[in-house]
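First comes the structure, then the notes that go with it.
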Amino acid sequence: MSDLYSIIFSPEWAFLRFAMLVGICLSPAIGVIGTMVVTRRISSLAGASTHAALGGFGLALFLQRVCMLEWFTPTLGAVTGAVAAAVAVGIVSIYAKEREDTVIGAVWAIGMSIGLLFLDRTPGYVDWQGYLFGSILLLTTEDLVLTLVLDAVILIPAIIFFPAILALTFDDTFARLRGIKVTVLYLGLLILTALTIVLLINLVGIMLVIALLTLPSAAAACFTSHLRSTMILSAVFNAIFISVGLLLSSLFALPCGPAIVVLAGIVYAISMIVKKYFLK
C-alpha cells in the first residue's frame, strides 16, 4: 500500500502520472477509432499503418543524425509513414480488392524492415525496445498537446457526422444510396486511425498498438448493442486499462506496454464468457 501511495503522490513518479494523463486523454480517440476498426474489420489495414510508422521513425532518426534535418522529428516521420500506408492500402482495398491481402502484407513487412534498416544505420544509441514495446519515458508535453488536438479532430466530426459514420460502418451500399461520399469518409477514417496509432506507439509500442486499438472495443461490444454506446464504453475501458496497467508495471517492475495489453486481453476473455453464458 505504501508503494501505491508513493507512486500516486511522490514527486519521483511524476513521469508515471503524466503517462496516465496522456493515456486517459487519448482514450476517447481510441474508443471511437478502435470501435470503427473492430466493426469494419480493418485491423489488418491498421496493422500495416502501424508497421509503416516504424519505417517513418527510422527514416526520421537517420535524417536527423546523419543529414542534420532537425525539423524532421520521429513523430513527423511516423505520421508520414503511417498516413501514407493507410491511404495506399485504402485505395487498393477500394479499387483493387483482389490484391488487398498482398498489398497489406507487403506494406506491413516492408515498412517495418525499412525502419529497422534505418535504425541500424543511425549513429548513436537508439532505444529499439522503446519503439517496439513502448516506453513512458518517451512521452513528452508535445504528445499531450497532440493527443488533445487528436481528440478534437476525431470527436467533433464523429458527433456531427455520426449518422454517416453509422451507415458507412454497417452498409456501404446503403451509405452510397443516401448520397454519402463513402470513399472520402473511408479514407478519412484510415488517416485518423493512422494518427491515433502514432500517438499510441510511445505508450504501448509498435508491436502492441493493434491489441490496444481492438481489445477494449471488442470487450465493450460484448455489453452494448449500439455503435455510440460501444464507443463510449470502449473509451472508459481504455482509460482503465492504461491507468491500471501503468500502475501494475510500476509496482511489479514490468514493461508498461505488455502489462496494459495483457490486462485488456484478460478483460476481453472474461467479457466473452460473460456474454456467452450470462447475457442471453
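Values quoted throughout were computed directly from the atomic coordinates according to the rules given, and no laboratory measurement underlies them. Everything numeric in this text was worked out from a predicted model, so none of it was measured. Note: ideal-geometry Cβ built from the backbone for every residue, glycine included; neighbour counts use all protein chains shown.
Projecting the Cα positions of Ala167, Thr140, Val153 onto the charge dipole of the range 76-172 (unit charges on Cβ atoms of Lys, Arg, Asp and Glu, taken about the Cα centre) puts Thr140 furthest along the positive direction. Per-peptide packing, taken as the mean over residues of other Cβ atoms within 10 Å, places 256-268, 167-179 in the sequence 256-268, 167-179 from highest down. Net charge dipole, the range 137-280: roughly 560 debye, given to the nearest 20, about the Cα centre with Cβ charges of +1 for Lys and Arg and -1 for Asp and Glu. In the chain, helices alone account for a calculated mean residue ellipticity at 222 nm of -27500 deg cm²/dmol, with every DSSP H run of four or more residues adding -39,500 (n - 2.57).
Averaging the sequence gap over all C-alpha pairs within less than 8 Å and six or more residues apart, then dividing by the number of residues, gives the range 40-119 a relative contact order of 47 percent.
Working from Cα pairs under 8 Å separated by at least six residues, relative contact order for the chain is 29 percent.
Just tell me, in residue order, which DSSP H segments of the chain are both 20 angstrom or longer along the helix axis (alpha-carbon based) and at least 0.0 in mean Kyte-Doolittle hydropathy. Correct list, ordered by number: 14-40, 43-66, 74-95, 100-121, 141-160, 182-204, 227-251, 256-277.
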